[in-house]
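Following: one structure in structure tokens, then a few remarks.
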Amino acid sequence: MKQKLRMGMVGGGIGAFIGAVHRMAAALDGEIELVCGAFSSDPERSKASGAELGLPEDRVYGSFSEMIKREKRLRPEKRMQFVSIVTPNHVHFDPAKMALQNGFHVICDKPLAFNLKEAIALEKLVEKTGNLFALTHNYTGYPMVKQARQMIRHGELGNIRKIVVEYPQGWLSTNLEASGQKQAAWRTDPQRSGIAGAIGDIGTHAENLAEYITGLQITELCADISTFVPGRQLDDDGNILLHFNNGAKGILHASQISAGEENNLNIRVYGEKGGLEWHQMEPNTLLVKWLDQPTQVYRTGVGTLYPEAQAHTRIPAGHPEGYLEAFANIYRNFAHCIRARQKGKDPDPLYTDYPTVQDGVRGMRFIERSIHSGKSSKKWVAF
């Protein structure tokens, strides 16, 4: 019987939205089990969270440093094998650094770190230690996103000319953070979020999706960054022009004050021969548009799709797969790569597809360049 990989968690305690998402995603395919955690910077809260999750008392820790030190002393067949970090941005770097230095693989929520300096340090540490590192840009896990990526890689749209990517939300249209709402409070706090609000929280998802699907990289950008809600310390809206390394031009819009919007991440990509369109709120559909023939509708699990799309589809067509399944694809792929490492084998290329520390560094560079451009009179800045 195949043993599950053993996961430890930093953050994600009682009342934490993203911690529960990570746990569900990790458990979905039966590859991973949560065996320990430091669920809060408050030791008592961590213990209460561990009890609620049914973990043994001696595997629930008061701090991430205690967890890593004590887990390392356990027998190899019992200790955790990787760490999932699901804390606010300012608590990504230290546990990731310590885990890597102590021989543990890491999967971390985005953005990668509090600032670009920390991100680059983690990239160097991953290279030095050789440990695996995944970043949960979960939208890359959708089958139709992978289908779009493969269509572009195989030249079906021709040379890419234009990319339009948008992520409007409306949940911060008012001064929600003043009410003490936990998610709003830390995401709008420069001491915990970093130099960016909406651009760091959701703008990085849009940036990552554009580069992932097209295979292109941003080379320079021009940003108009705004804070609309009075008293808010960080940005809540951004409109950014992009230049890509093949000469393509792009537009990126990220907003958390677009009243009435939910999580309307969407992308349109236009090449010489045609274009494609994908919406996160209708994730099982990919529209492909041609110059000389009718629009085609691709559906998850229907017809002949690229193997990369099929490999990330779990259930028959017509049974919708969504956010949790896409998230789970990252965890499953990460697990496959850890298992291959344990056996001294190369992993199946279909399952090496997950965001890495290098993607995280590009995300942090995007944040810093966007905020710099927004404050600069020159506007266009090199990426």
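Do the conditions hold for residue 166, that is, is it in a helix (DSSP H, G or I) and closer than 29 Å to residue 213 by Cα?
Numbers: in a helix (DSSP H, G or I): no; closer than 29 Å to residue 213 by Cα: yes.
No, not satisfied.
Kindly list the number of the only condition in (1) outside any loop (DSSP other than H, G, I, E, B); (2) farther than 19 Å from residue 61 by Cβ that fails for residue 3. That leaves (1) as the condition not met.
Farther than 19 Å from residue 152 by Cα, surrounded by 24 or more Cβ atoms within 10 Å (Cβ to Cβ), among the hydroxyl-bearing types (Ser, Thr, Tyr) and at pLDDT 95 or above: does that describe residue 227?
Values: farther than 19 Å from residue 152 by Cα: yes; surrounded by 24 or more Cβ atoms within 10 Å (Cβ to Cβ): no; among the hydroxyl-bearing types (Ser, Thr, Tyr): yes; at pLDDT 95 or above: yes.
For residue 227, the condition - farther than 19 Å from residue 152 by Cα, surrounded by 24 or more Cβ atoms within 10 Å (Cβ to Cβ), among the hydroxyl-bearing types (Ser, Thr, Tyr) and at pLDDT 95 or above - is not met.
Within the range 6-23, if we keep just the residues that are more than 21 Å from residue 79 (Cα to Cα) and outside any loop (DSSP other than H, G, I, E, B), the residue that is modelled with the lowest pLDDT turns out to be 17.
Considering only the range 278-294, state which residues are more than 20 Å from residue 214 (Cβ to Cβ) and free of Cβ contacts under 8 Å to residues at least 24 places away in the same chain.
Of the range 278-294, the ones more than 20 Å from residue 214 (Cβ to Cβ) are 281-282, 284, 292-294.
Of everything in the range 278-294, those that are more than 20 Å from residue 214 (Cβ to Cβ) and free of Cβ contacts under 8 Å to residues at least 24 places away in the same chain turn out to be 281, 282, 292, 293, 294.
State all residues of the range 164-186 that are touching a residue at least 60 places away in the same chain (Cβ under 8 Å) and surrounded by fewer than 24 Cβ atoms within 10 Å (Cβ to Cβ); if no residue qualifies, say none.
Correct list: 164, 166, 168, 169, 170, 171, 173, 182, 183, 186.
Taking the condition of a type in the set (Ser, Thr, Tyr) and free of Cβ contacts under 8 Å to residues at least 24 places away in the same chain, does residue 313 pass? Let's see the steps before the verdict.
Details: of a type in the set (Ser, Thr, Tyr): yes; free of Cβ contacts under 8 Å to residues at least 24 places away in the same chain: no.
No.
Kindly evaluate residue 51 against the criterion of being of a type in the set (Gly, Ala, Ser), in the same structural domain as residue 41 (by TED's automatic domain parsing) and surrounded by 23 or more Cβ atoms within 10 Å (Cβ to Cβ). Spelling it out, it is not the case that residue 51 is of a type in the set (Gly, Ala, Ser), in the same structural domain as residue 41 (by TED's automatic domain parsing) and surrounded by 23 or more Cβ atoms within 10 Å (Cβ to Cβ).
Check the range 133-142 and report whether any residue there is of a type outside the set (Gly, Ala, Ser) and more than 18 Å from residue 209 (Cα to Cα). Quick ask: steps written out before the conclusion?
Let us first name the residues in the range 133-142 that are of a type outside the set (Gly, Ala, Ser), namely 133, 135-140, 142.
Cutting the leftovers down to more than 18 Å from residue 209 (Cα to Cα) gives us 133.
Among the residues of the range 133-142, at least one is of a type outside the set (Gly, Ala, Ser) and more than 18 Å from residue 209 (Cα to Cα), which makes the answer yes.
Yes/no matrix, rows are residues, columns are (1) of a type in the set (S, T, N, Q); (2) outside any loop (DSSP other than H, G, I, E, B); (3) more than 18 Å from the chain's Cα centre (by Cα):
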| position | (1), (2), (3) |
| --- | --- |
| 122 | no, yes, no |
| 149 | no, yes, no |
| 155 | no, no, yes |
| 173 | yes, no, yes |
| 196 | no, no, no |
| 200 | no, yes, no |
| 207 | no, yes, no |
| 211 | no, yes, no |
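Identify, please: which residue in the range 213-224 is touching a strand residue (DSSP E or B) at 6+ places or on another chain (Cβ under 7 Å) and not in a strand (DSSP E or B) and is, among those, surrounded by the fewest Cβ atoms within 10 Å (Cβ to Cβ)? Walk me through it before giving the result.
Filtering the range 213-224 for residues touching a strand residue (DSSP E or B) at 6+ places or on another chain (Cβ under 7 Å) gives 213-214, 216-224.
Subsequent filtering for residues that are not in a strand (DSSP E or B) retains 213-214, 216-217.
Details: 213: 26, 214: 23, 216: 21, 217: 12.
Going through the qualifying residues, I end up with 217.
Summed over the range 70-87, residues that are in contact with a helix residue (DSSP H, G or I) (Cβ under 7 Å, 6 or more places away or on another chain) and either small (Gly, Ala, Ser) or under 12 Å from residue 108 (Cβ atoms) (or both) total 5. Scan the range 92-112 for residues that are surrounded by 21 or more Cβ atoms within 10 Å (Cβ to Cβ) and not aromatic (Phe, Trp, Tyr) and the total you get is 13. Might you check whether a residue that is at pLDDT 95 or above, more than 22 Å from residue 325 (Cα to Cα), touching a Pro at 6+ places or on another chain (Cβ under 8 Å) and not in a helix (DSSP H, G or I) occurs anywhere in the range 62-77? Yes: the range 62-77 contains one or more residues that are at pLDDT 95 or above, more than 22 Å from residue 325 (Cα to Cα), touching a Pro at 6+ places or on another chain (Cβ under 8 Å) and not in a helix (DSSP H, G or I). Residues in the range 230-247 that are closer than 13 Å to residue 160 by Cα and surrounded by fewer than 16 Cβ atoms within 10 Å (Cβ to Cβ): 3 in all. Return yes when residue 314 is part of a helix (DSSP H, G or I) and either at pLDDT 95 or above or over 20 Å from residue 213 (Cα atoms) (or both) and no when it is not. The answer is no for residue 314. With respect to the stated conditions, residue 267 fails to be on the phi < 0 side of the Ramachandran plot, outside any strand (DSSP E or B) and in contact with a Phe, Trp or Tyr (Cβ under 8 Å, 6 or more places away or on another chain). Residues in the range 324-355 that are aromatic (Phe, Trp, Tyr) and not in a helix (DSSP H, G or I): 354 alone. Counting only residues that are closer than 17 Å to residue 202 by Cα and assigned to a helix (DSSP H, G or I), the range 124-144 holds 4 of them. When residue 113 is tested against the conditions (1) within 15 Å of residue 9 (Cβ to Cβ); (2) assigned to a loop (DSSP other than H, G, I, E, B); (3) hydrophobic (A, V, I, L, M, F, W, C), the lone failure is (1).
The values are calculated or read from the model by the stated rules, or taken from the named source; none is laboratory data. Note that the coordinates shown come from a computational prediction; the quantities given were computed from them, not determined experimentally. In this analysis, Cβ positions are derived from the backbone assuming ideal geometry, glycine residues included, and neighbour counts consider all displayed protein chains.
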